[in-house]
2 protein chains.
Amino acid sequence: MTEVLVQPLRKRRAEPPEVRREQLITATITCIARNGMSATTMAEVTKEAGLSQGIVNLHFESKEKLLIATLRTIADEYNSGQQKILTSSVHTAVADKIQALLDFDFSPRVTRKDKLAVWFAFWGEAKSRPTYQHICSASDIATDAAIRSLFQQAIDEGGYRGISAELLAQGYTALIDGLWLDLLIAPRRFTRKRAKQIATLYLANALPQHIEPPGD
Amino acid sequence: MTEVLVQPLRKRRAEPPEVRREQLITATITCIARNGMSATTMAEVTKEAGLSQGIVNLHFESKEKLLIATLRTIADEYNSGQQKILTSSVHTAVADKIQALLDFDFSPRVTRKDKLAVWFAFWGEAKSRPTYQHICSASDIATDAAIRSLFQQAIDEGGYRGISAELLAQGYTALIDGLWLDLLIAPRRFTRKRAKQIATLYLANALPQHIEPPGD
DNA sequence: CATCTCTGAATGAACGTTTATTCAGTCGTT
DNA sequence: AACGACTGAATAAACGTTCATTCAGAGATG
C-alpha cells in the first residue's frame, strides 16, 4: 500500500526536526508575550507546544539557545520582509517604496502584539547579553543601511537641502521603535492608525515631494 | 555632647528605613543594568548593597515590591526633572523651554546606561505585568500632556499650519524612546550627540521658527 | 561618667518551591 | 525486529522567603 495517510493525530508522532523547532519557537513567542521573559519556563513552553518537557533540550540543546533561535527568527522575519520591499522592482518609484515601507512597518503582521512583546523583551535583556545585543544590533544595521540608501535617492530626486539621509534614516528607525513601544504599552490611547500618521508626518516634513502629510 | 559622629563603619548599624530602601533600590538598578532583569536575584541585590539576604523582605516585603519601587523611583525621577523644566519661570520663552527639554532628554544624567537599561528591562516585562504597565503608561501620559501643551503654544506663536500638537508630542515622545533604545543597544554606532541631532531635526522641521536645524 | 537593660534593625542558615537538564524507558515507523 | 524520536519522572541547582538569633545604640539608673 503506497497510499500516504494524513490523519488527525492524537498520539505523538515523529516529525522532521525543522517542524519541531518551528513549533517550539512559536510556543516560545506565545509564552514570552503572555507571561514575559522572566516567567517563561521550559515547562510552559513545552506545554504550550503540546509536547514533553525534555524536547527542547533534544532539539535546541538548552533554553538559552531556544531563546536565541526565537530572537533570530523574529529578526529575520522582519528584515526579510523589509528587504523584499526595498529591493522589489514592482514599486519602482522611490515615493512608492517609501509608502510601502510605511505600510509594512504598521501592517497588522508586523505590529502584532505578541511579536512586539517579544522584541521588547529581548531588547530589555540585551544590555547584559552580548548575543542578544549582536542580533538586535545587526538587525538594526541592516535596516538602517537599506533605508538610508532609499532616503538618499529621495533627497537627490527632490533636491532637498540641508538634510542628511543618515540622520533621517536613523531617526525613522528610532521613531518606529518608539511607536511600537507605545502600541505595546498603551494600546488604549494609541492605535496603529495614529502611529502611522505620526511616522507619515515625520517623513512628509522631511521629504515633502515624496510623502503627503497624513489626513484624518 | 551634641556632636554627631559620622565615621566609616565596618560593622552593621541600624539606619533609617528610608536610607535602607534607597540603598536597595540603587543596588537593584545596578544589578538589572549589569545582569538583566531575569538574572537579578535577591542574593545579587543584597550582595551589591553590602547587606544580608533577608533585608529586602524586611523593608519591601517581597521581591516584586522592590522591583515596583525601583521602577517608580526611575519614573518619578524622570518626570519630576521634566516637570521642573516645563513649569519653570526661568525659561519664559517657548523656544527656550523646548531647547531645555531637548538638553534634558539627552543629558548624561538621563541617558546613563544603567538607567536606560532599567527602563527597557521593565518595558520588556510590562506587557505581562499590569503594575509595570500602569507605572510606565502613567509616566508616558504625564509626559505627553505636558509636552503637548508646550508644542501647542509654539504652534500658536508660529502660526504653523496643518500641524497637530498631539501628533507632534506623541511623535517626539516616541522618537526619544527609540533614540534611547539605540543608545543602549548600539553605543558604538550611536552617540548622545547624534541622537540629539536627530531629535533636534525632528523639531526643527515641525517648528522652524522655534528650533534651528542641527549643525555638525 | 560608667553600667545595666531593653529595643528592634539586621543577619544568615534553613526551608520549601521552582527551575533547567538528564536519561532510561516507550512507542510509532520502517 | 530494530531504530530513533519522543516522553516524563527524577535530579540537583538555584531561588524567594522565613525566623531564631545577634548585636549596636538609646534610655534609665546609680
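Observations on the structure shown:
- Output for segment B:81-136, where each listed residue is among the acidic types (Asp, Glu), more than 16 Å from residue B:32 (Cβ to Cβ) and open to solvent by less than 30 Å² (accessible area, probe 1.4 Å): B:105
- Residue within segment A:146-163 that is surrounded by fewer than 16 Cβ atoms within 10 Å (Cβ to Cβ), more than 8 Å from chain B (Cβ to nearest Cβ), under 18 Å from the mean Cα position of the chain (by Cα) and without any contact (Cβ under 8 Å) to a residue 40 or more places away in the chain present: no
- Across segment A:76-99, not a single residue is classified as within 14 Å of chain B (Cβ to nearest Cβ) and at negative phi.
- When residue B:31 is tested against (1) part of a helix (DSSP H, G or I); (2) open to solvent by 10 Å² or more (accessible area, probe 1.4 Å); (3) within 12 Å of another protein chain (Cβ to nearest Cβ); (4) not basic (Lys, Arg), only condition (2) is not met.
- When residue A:181 is tested against (1) in contact (Cβ under 8 Å) with a residue 12 or more places away in the chain; (2) open to solvent by 10 Å² or more (accessible area, probe 1.4 Å); (3) in a helix (DSSP H, G or I), exactly one condition is not met: (2).
- Filter result (of a type in the set (A, V, I, L, M) and either closer than 19 Å to residue A:15 by Cβ or in contact with a Gly (Cβ under 9 Å, 6 or more places away or on another chain) (or both)) within segment A:56-71: A:56, A:58, A:66, A:69
- Residues satisfying the stated conditions in segment A:118-133, i.e. within 10 Å of another protein chain (Cβ to nearest Cβ) and not in a loop (DSSP other than H, G, I, E, B): A:118, A:119, A:120, A:121, A:122, A:123, A:124, A:125, A:126, A:132, A:133
- Selection of first residues in segment A:94-108 that are in a helix (DSSP H, G or I) and of second residues that are open to solvent by 30 Å² or more (accessible area, probe 1.4 Å) and modelled with pLDDT under 95, restricted to Cβ pairs under 7 Å at least 6 apart or on distinct chains, gives the following pairs, ordered by first then second residue: A:97/A:91; A:100/A:91.
- Single match in A:174, A:199, A:142 (criterion: open to solvent by 10 Å² or more (accessible area, probe 1.4 Å) and either at the interface with chain B (Cβ under 7 Å from one of its Cβ atoms) or part of a helix (DSSP H, G or I) (or both)): A:142
To keep it simple, each residue is scored yes or no on (1) more than 12 Å from DNA strand D (Cβ to nearest atom); (2) within 14 Å of chain B (Cβ to nearest Cβ); (3) surrounded by fewer than 20 Cβ atoms within 10 Å (Cβ to Cβ).
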position: A:36; (1), (2), (3): yes, yes, no
position: A:39; (1), (2), (3): no, yes, yes
position: A:44; (1), (2), (3): yes, yes, yes
position: A:57; (1), (2), (3): no, no, yes
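- Those residues of segment A:1-28 which are among the acidic types (Asp, Glu), at pLDDT 70 or above and surrounded by fewer than 10 Cβ atoms within 10 Å (Cβ to Cβ), in sequence order: A:18
The values are calculated or read from the model by the stated rules, or taken from the named source; none is laboratory data. Because the structure is predicted, anything quoted here is derived from the model rather than measured. Heads up, the Cβs are rebuilt from the backbone with ideal geometry, glycines too, and the neighbour counts pull from every protein chain shown. Areas reflect the complete protein model, heavy atoms only, side chains present, ligands, DNA and RNA absent. Shrake-Rupley method; radii C 1.70, N 1.55, O 1.52, S 1.80 Å.
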